[in-house]
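Inspection log for the structure reproduced underneath, given as structure tokens.
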Amino acid sequence: MFTDVGRALRKAQGVIIMHMADALVMPAVAGAMYVASTAAAGYSIKKVRLENEPRQIPAMGVMGAFVFAAQMINFKIPGTGSSGHICGGMLLTAMLGPWAGFLTMTGILLIQCLMFADGGLLALGCNIWNMAFYGCFVGGLLIWKPIMKNGATKKKITCASIAACVLTLQMGAFSVTLEPLASGITELPFPAFVGVMQPIHLAIGLAEGAVTAAVLCFVHEARPEMLWRLETEKEGKFSVRRTLAVLAAAAAVLAGVVSLGASALPDGLEWSMEQVAGTADLAAAGGAYEAAESIQGATALLPDYAFSFSDSALGTTVSGLFGGVLVILLCVVFCHAIKFFRREKRQL
């Protein structure tokens, strides 16, 4: 439908946010990953409701918009002909905790899939697992939480950010190679595919770790108690409201302006597929694929982060700002939908 034309336009404008496409997974594998991701989301909802922290809602919206905007910024990987963008799971977890972080990332991926046709609808469960589960749960619970146990310093924040981003991107990249293997995608033989996916995502993980550390170090200086599992008596320089305002303004600038200068080189997944299969556009046929494409065709208001009727760069700016607003609204609506504000039981 609009996918090939949109991808060419997206490259010309320098916006490449390439999640897994439907052609990389067979319906049975896609279904299994939907079940796994849904189970993780269900458990996260339970934990968020138990924590009952209404003050997290603004942070969820702002940080969700920030990660959405940051994902639009592809940076060049020197010497490879490839580019990368942050995933953001570790950043969300360090700010919100793994449960709220996972739900926020899931919302981002859902909006990217339905509103911008970024990543296949059939493969959405895979993308949630690969990009959200590892970053939020592995990075948050196994790396961030233990390191922050006895207080935080800029050095500890930097080490935790880089270690978590490198490890979780390696795990996510490995899952991306396993899912086509389980689906019998012969165009992507496992040894060759994993041989290019892991090294390129090591470089991307290091870059994401640096970005994550920079943002978290700013928050540590501005309002340290906003960091998850951080017990500190240090007094921040800003109020919570001002800190969120700075992050929201940064998200708007990233989405509306900086995204116009993003690298047009293929991202790590596209580049790896081109190295192995000679193309990043694999064909898939069948009722499930056609149904998923039909749904995306109906819901994608700005396919591939661009106007469908024009090649104007304004389409990228509008997509970035519109997407950020949608993420904020989705977080607010979702929190109320799961009764984030639990009413106190009336005393009889």
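Coordinate-derived values only; no laboratory data. Since the structure is predicted, the reported quantities are computational estimates derived from the model, not experimental observations. Glycine gets a Cβ as well: all are built from the backbone with ideal geometry, and neighbour counts include every protein chain shown.
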Revision key, fill the gap. The chain, Gaussian network, Cα under 10 Å: of 223, 242, 55, the residue fluctuating most is 55
Point to revise | Longest DSSP-loop-exposure-free segment, GluC sites (Glu not before Pro), the chain, at most 10 other Cβ within 10 Å | key: 1-232
Check your understanding: What's the angle, to the nearest 10 degrees (0 to 90), between helix 268-277's Cα axis and the longest principal axis of the chain?
Key -> 20 degrees
Study note, to complete from the structure: The aspartates and glutamates whose Cα lies under 16 Å from the Cα of residue 145, excluding any fewer than 8 residues away in the same chain, are 225, 231
**Study point:** Principal axis dimensions, largest first and in whole angstrom, of the range 159-288 by Cα
**Key:** 57, 31, 30
**Study point:** Cα gyration tensor category, rounded, prolate or oblate, for the range 208-272 with a/c compared to 1.5
**Key:** oblate
**Study point:** Within the chain, longest stretch clear of exposed chymotrypsin sites (Phe, Trp or Tyr not before Pro) (DSSP loop, no more than 11 other Cβ within 10 Å)
**Key:** 1-308
Check your understanding: What number, rounded to the nearest 500 deg cm²/dmol, is the helix-based mean residue ellipticity at 222 nm of the chain, given -39500 (n - 2.57) per DSSP H run of at least four residues and division by all its residues?
Key -> -20500 deg cm²/dmol
Exercise for review: Round to the nearest 10 and give me the degree value, 0 to 90, for the angle of helix 27-51's Cα axis relative to the longest principal axis of the chain.
Suggested key: 10 degrees
Review point. How many nm is it between the label spots at residue 46 and residue 337, if each spot is 7 Å from the Cα in line with the beta carbon?
Key: 2.0 nm
**Study point:** Loop sites in the range 60-166: trypsin sites (Lys or Arg not before Pro), DSSP, at most 16 other Cβ within 10 Å
**Key:** 149
**Study point:** Fully extended contour minus Cα-Cα distance, from residue 301 to residue 314, at 0.36 nm per residue
**Key:** 3.2 nm
Practice item. Please get the size of the charge dipole for the chain, origin at its Cα centre, with Cβ charges of +1 on Lys and Arg and -1 on Asp and Glu, quoted in debye to the nearest 20. Key: 1780 debye
Point to revise | Amide H partners (placed H, <5 Å) of residue 267, local residues excluded | key: 83
